[in-house]
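What follows is one structure encoded as structure tokens, with my remarks underneath.
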Amino acid sequence: MAHAAPTPGGMTGRPGRGTGSAGFTAPSGLPDIFDARVHRVAKVAIPVVLGLVYGYWAAANRRSGGPITGWNILFGFVTALAFIVLCLAVARFAPLLKRELHSLVKSGFAGAALGFLYSQTGESVLRSAAIGLATTAGVFLVFFYRYYTREDGEGNRIR
């Protein structure tokens, strides 16, 4: 049986009205498996889910296995709300910065978040700050390498 040979670049045609159906290549050259609506929802849904998990984790660290109280629940929700707002702000404004600051803002957020979680266990502030700074440094190296190899000096993506 004879089959057509695949062409370089994958499936580039868009059926129907050109809405970006699943499996077809997006303008960036990557497969577009979700439409634009799913991406818009995910930009908000992912920080909300991460914030709720983070708030639960912070509240659990704070109570140290003790009973769940109303203040503990309130602390968890306030922590989750703060995380969600900061995560959305970082996701919105960090890409507008140059690659060095972009990396620093995202890694600073990650380090501060982890340092705060660690501080809720009752450890010293200095140890929490050291863990936050170590996390910031490690995440900064990863993000900076990623942006340095994929962007030019002005922050435009290399294609």
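Between residue 96 and residue 134, full extension at 0.36 nm per residue minus the direct alpha carbon distance yields a gain of 11.2 nm.
Average accessible surface for the range 43-93: 67 Å² per residue, computed with a 1.4 Å probe over protein heavy atoms with every protein chain in place. Here each label is just a point 7 Å from Cα along the line to Cβ, and for residue 124 and residue 46 those points are 3.8 nm apart. When Rg and Dmax are taken over the Cα atoms of the range 46-159, they come to 16.3, 54 Å.
Taking 7 Å steps out from each Cα toward its Cβ at residue 77 and residue 39 produces label points 3.5 nm apart.
Mean separation of Cα pairs under 8 Å and 6 or more residues apart, divided by the residue count, gives the range 47-159 a relative contact order of 25 percent.
The values are calculated or read from the model by the stated rules, or taken from the named source; none is laboratory data. Quick caveat: nothing in here was measured; it's all calculated off a predicted structure. So basically every Cβ, Gly included, is an ideal-geometry build from the backbone, and we count neighbours across all protein chains shown. These area figures cover heavy atoms from the full protein model, side chains too; ligands, DNA and RNA do not enter into them. Shrake-Rupley method; radii C 1.70, N 1.55, O 1.52, S 1.80 Å.
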